[in-house]
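The values are calculated or read from the model by the stated rules, or taken from the named source; none is laboratory data. The model shown is predicted, which means the values in this text are computed figures rather than measured ones. Here Cβ is always computed from backbone atoms with ideal geometry, including for glycine, and neighbour counts include all displayed protein chains.
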Amino acid sequence: MLGRAYFSLAPGSRGKISRNIRFAFQKEKGPEAIEGLTREAMANFFKNYLELFFFAGPHRDKLLRQVTIEGREHLDRALSRGKGVIVVSAHLNNFTLIVLKLASEGYKIAMAIRDFKNPAESRIYKSCRKLIHLQSIRIKPSFHFLRDVLRLFKRNGMICLIADENKRHGGVFVDFFGRPAATAAGPAHLALKTGTPVVPVLMVRDSDNNQRVVVEPPLDFEPSGNKGMDTRMITSGFTRTIESYVRKYPGQWRWDHFRWKTQPQDEKDDQQPIQLTLFNDTIA
């Protein structure tokens, strides 16, 4: 109900989401399909957030048992190396449940989080994490983040990194829906520094509202010694996996941000942002 109201009463958000979907799929989807996906994405926005309150309640364990894990063998194989695991995920469906579910199954896992600039918002965010028992490690300051992650890896634990948003500075340009997208290089840098395997893990919702944590095989890569090339190879690998899931479950992804906002101007300066336009609309 809230999603339907959001669709009807928020033309600005509705237009932004619709434009972003149209930009990604171009001629693959017609107006009716795009409107349907916009409705689904806006409904899922509320569904995901409100759902977390149920997982914070007295029936939390029962609800988590209803979330299944597919591909657990890939995770266990990566952990058998004894170096921990870098879990790379996306804003797909109720992605926070990845950490809650794996932790409930005995895995040592934490989610990398970024606090809000506003102190009041950060306090609320912290209270919400505590409410749902979400283990987390703050990205800033970076020195403390690296220290805490290395400690986690020594215990053969896992850090979950969400890596599907536009990166304004310091990102790596890799293909996403046929266009260069500035992508966080943190997972790749961490993997190259520690030798820790990278495992894409996505959260999907079925038509009956049952949910699945889907574990993909660890990325298969051998460092070449060229840090730039290796970073791009790893980043491109997990981005291809994320794209495949967004294509399969487009209504479950967060379309309210423009993934391609930062673009390379030319080959000499590939970190300067420019704007892309679509049908006379500037995508922000």
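Pairs under 6 Å by beta carbon, first residue within 18 Å of S236 (Cα to Cα) in the range 210-224, partner among the aliphatic types (A, V, I, L, M), six or more apart or different chains? Cβ pairs passing all conditions: V215/L75; V215/V201; P218/A78; P218/V199; L219/V198; F221/M233; F221/I234.
Quick grid of which residues meet (1) crowded, with 18+ Cβ neighbours inside 10 Å; (2) touching a residue at least 12 places away in the same chain (Cβ under 8 Å); (3) within 23 Å of the chain's Cα centre (by Cα):
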residue	(1), (2), (3)
M1	no, no, no
A5	no, no, no
S8	no, no, no
N20	yes, yes, yes
F23	yes, yes, yes
G30	no, no, no
E35	no, yes, no
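F46 meets each of the listed conditions (1) crowded, with 16+ Cβ neighbours inside 10 Å; (2) in contact with a helix residue (DSSP H, G or I) (Cβ under 6 Å, 6 or more places away or on another chain); (3) outside any strand (DSSP E or B) apart from (1). Note on the range 97-117: residues that are in contact with a helix residue (DSSP H, G or I) (Cβ under 9 Å, 6 or more places away or on another chain), at pLDDT 95 or above and β-branched (V, I, T) amount to 1.
Would you tally the residues in the range 98-123 being closer than 21 Å to R60 by Cα and more than 20 Å from the chain's Cα centre (by Cα)?
Going through the range 98-123, the residues closer than 21 Å to R60 by Cα turn out to be 98-111.
Next cut, more than 20 Å from the chain's Cα centre (by Cα) only: 104-106.
Summing the residues that are closer than 21 Å to R60 by Cα and more than 20 Å from the chain's Cα centre (by Cα) in the range 98-123 gives 3.
Would you be able to say whether some residue in the range 192-200 is out of contact with any helix residue (DSSP H, G or I) (no Cβ under 7 Å at 6 or more places or on another chain) and not aromatic (F, W, Y)? Yes, the range 192-200 contains a residue that is out of contact with any helix residue (DSSP H, G or I) (no Cβ under 7 Å at 6 or more places or on another chain) and not aromatic (F, W, Y). Before we move on, is N94 touching a helix residue (DSSP H, G or I) at 6+ places or on another chain (Cβ under 9 Å), in contact (Cβ under 8 Å) with a residue 60 or more places away in the chain and in a loop (DSSP other than H, G, I, E, B)? Yes.
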